[in-house]
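Data block below; observations after.
Bear in mind these aren't lab numbers, they're just calculated from the coordinates by the rules spelled out. These numbers come from a predicted model, not from an experiment. Cβ sites come from the backbone with ideal geometry, for glycine too, and all protein chains shown count toward neighbours.
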Amino acid sequence: MNFKSFASTMTALMGIAIGVWGWLNQASVAGAQSKAVSAGTMDRSQIVGWRGNGTGRFPEATPPLVWERKGKTLLKDIRLLADRPAGDGADGQFVLPGSSAVPEWLVLGPLPAKSIDDAPLPSEATAQPRENEQVGGKAWKRIASGDLMGQWGKVLYPPGNDKEANQVIYLHVNLHSPQAGKLGLVVTNHGKGAKIWFNGAVVHRTPEKRDHGHYPLPVNVVKGWNRLLIKLASPEGGYQLSFHLSPPNENYGFESKNFAWTTRMPGKSNASPIVVGDRIFVTAEPDYLVCVNKKDGKILWVRSHGSYECNAKELEQKPTAAQIKSAWAKVERSHAKIIAEINAAVSPNGPAADQSVIKPATSTEKTQADQALSKLIEPYLDAEENDRRQKMKVAWELSTQGGWAVATLCSDGQRVYVWFQQGIAACYSLDGELQWLTRVPFSGDTHHGYTASPVLAGGKFIVAPRRVIAFDARTGAIAWHDKQRTNTWGSLLAFSVGKEEAVVTGDGTFFRVSDGKPLWRPSNFGNSKMSTAICDRGVIYDFMSAGRLVAMNLPRTLQSEAEWRYRIDVTFPLLPSRSHSSGLVASPLYHEGLLYLLSSGGFLEVREAKNGALVYQKKLDMNPRVDYTGNPGCTACPALAGKHIYLFDNSGVGIVIEPGRVFKQVARNVIENRGEQLWTTPVFDGKHMVLRTPDHLYCIGGKN
């Protein structure tokens, strides 16, 4: 998901008090900025956070193998055929996969053309090509989308000749529908000029600029066969296209199978949820902590961390404190209505597409209450707070995959710890009582945003917003911090060596948790990678951004730097280099001596943990959306639940396989929700799987 698609909305929320979702007891905020929680050593067996306990393994879980959520639209009945149909029937033709991607095309080119309107293909509007048919000395070739990986020119050009200008290529596919209706064509990226015809009519034309984020282009589908033709101009670096079919830009319902409940969230987020007892905790943009009842999916409480909440104690001392308190009460009432309306829409199928579960009058009431409070508190905010808000605005506009509420929470079984990327750390009881809240300076913008999740270890709550900061988990006081800049993407990993605990950052700096002493800073451990290391049986495994898999034995103590060294260091091509599909964003899974690695493009590699040797490689039956403009492909980490491994792409396809040295697929499932991508890693609890998409929280596994 590309958060820029709703940046204008979120920028408004970054006003002084807009977005202060505070349906909580005001006294608990004003009087508990540093309420020490009970002392004592944390029980590591009770700690949950990113990927559960950090391994992605839930051996006691027994979740379902089969589930489905599909829209009540034409899309589920569409069949596609690259070659010209033999007749009017659709028998034997290729059925569209759940990801809505076109599985294969006929591709022609490159052909000379000075502009996107030049027509080296005669009669473009009426073209009905056949495989191997010749045009301008080139033949129409059948090419599977999985082989193209979004870089059409790499397949068609001779080596070393893929940057030639003034050329175009054509892509053609036939669509069969059992009835007339509407569909959407979604073009999220094309490298330069593009022109699209549907049944002979031009539905999109962009002569030069590189487009990002085209949302469904509505087209009228006729009963029987329909024709789709796309022409791409050659940019520097080869042709690019990210394209899929979509339901129309209209309201429609869903049908689901094996869903306990679906809940619309009060704000977007790509943070994974955590399960603590009978409650699920998750964050929402820009600074909301949301508690959900695991049994029925209803929101129990929400806590927010805007300018009012973070300055409540100081605002109580101002001359207009009574007016501010009255304005805050109106904010609370409006937000209580919002939660009630969200809860009223909870159901297995969830709300219809584009259905606003919030009544217009409630939204208006919320906006007016926020604006009134904002006007009252603005004069009292200091320069640091205003600087924070300005940096947040700039960072949001620059980030392609960012967000402030993207970090997964942590819990020790008694309290919940949350980190918001604008520099806010807080601790709550499971019932929502604030224990402490600490703010640190916001670092400003960073490429790809701040996606590193925190950890709980050794009585510390540790975060990594460019620099590592450890908060005392009891009081929120800063215990230590490191001055060296660190990776903001790969999450932190905590592990034990004897009776001591350590933590490693996304770029491979190892710290002792007790005092923050840097233990080892290997220059080539993490660098710019997105994935996070894992630790199992005294060995840390990590995948580098340049196609390197490393493993290292933990030292016997944390005292000797000489003992920090790699056990294996294997360089290998995860995939043939095509576009951004060969990278690894998802973190590895370790199980019974094997490492499972899922590439952005949907390739699964299984390797020996002891030496990195390849066991097998398999292109999964999924079609992830992959490009450099907010479509990162497979980002959810492989997870083991019970006796099976669960693998997801960002289009909602979930593959279930058996672990082992031979690939064996058990099930292929689809969660369809127009406009949403699935980036987060699922968590498992008993018979259920809990999964977050930007707008929704799902509990899969039948009735809870």
Order of 478-486, 301-309, 617-625 by packing, highest average Cβ count within 10 Å first?
301-309, 617-625, 478-486
With r as the distance between the Cβ atoms of K499 and K318 and R0 = 56 Å, compute the FRET efficiency 1/(1 + (r/R0)^6) and round to 0.05.
0.70
What is the magnitude of the charge dipole of region 332-386 about its Cα centre, with +1 placed on the Cβ of each Lys and Arg, -1 on the Cβ of each Asp and Glu, and no other charges, expressed in debye to the nearest 20?
400
Would you mind checking K138/K618; K643/K664; K268/K687; K76/K257; K325/K375 for any pair whose Cα atoms are more than 24 angstrom apart?
K138/K618; K268/K687
Quick calc, region 253-310, dipole around Cα centre from Cβ unit charges on Lys, Arg (+) and Asp, Glu (-), nearest 20 debye, gives 200
For labels at K141 and H481 in the simple 7 Å Cα→Cβ model, what's the distance in nm?
5.5
Set K114/K231; K72/K182; K72/K619 screened for pairs whose C-alpha atoms are more than 20 Å apart:
K72/K619
